[in-house]
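Where a number appears in this text, it was derived from the coordinates with a stated rule and is not lab data. What you see is a predicted model; the values in this text were computed from it and never measured. Ideal geometry is used to build each Cβ from the backbone, glycine not excepted, and the neighbour counts take in all protein chains shown.
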Amino acid sequence: MGLKPQKKAMYLTTGLWSLQCITEARKHFAPGNCIEVANSAPSGYNKLPDSSTWNIDPEASYLHVCVNETVNGFELTEENFPWHLFPKDMPVVGDMSSNIATTKINWNRFSVIYCGA
């Protein structure tokens, strides 16, 4: 009888809030199973890194993104995010704490949206 494989998840780090998310998530995954897709710290959290450098695991259970990083003012949009790099059936979890109802949202992109206050 084989061991049950550990689930994996992907997190995109684009600022303070997503950094806090991945830091917390890593407490709940086996080492290496909480995958940082990319980290925009080198740009001062002002733009996404070149998508050719991203660490994408098509077998991950989901992708987590913070849609609007208020500290540095970076927001993911239809135009600046490479949605095509991820499997079409990949669940996407979006933190929209600071921008829900402020802009048009393509709800088809997300499986779960959450907001904190």
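Below are the figures for this structure:
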read-out: Unit charges on C-beta of K, R, D, E only; dipole of the chain, Debye; value: 320 debye
read-out: Least to most buried among GLU24, GLU75 (fewest other Cβ within 10 Å first); value: GLU24, GLU75
read-out: Furthest towards positive pole of dipole, THR70, VAL92, ASN39, structure part the chain, Cβ charges; value: VAL92
read-out: Antiparallel %, DSSP beta bridges [both residues in the stretch 9-114], to 5; value: 10 percent
read-out: Reachable lysines from LYS47, criterion Cα separation under 28 angstrom, eight or more residues apart if same chain; value: LYS8, LYS27, LYS88, LYS104
read-out: Overall form of the stretch 9-114 per C-alpha gyration tensor (a/c, 1.5; a/b vs b/c); value: rounded
read-out: Estimated vicinal HN-Hα couplings, Hz - the stretch 57-70 in sequence order (Karplus 6.51, -1.76, 1.60; Gly, Pro = x); value: 10, x, 8, 5, 6, 6, 10, 10, 9, 9, 5, 9, 9, 5
read-out: Ellipticity estimate at 222 nm from DSSP helix runs (n ≥ 4, -39,500 (n - 2.57)) divided over the chain, nearest 500; value: -2500 deg cm²/dmol
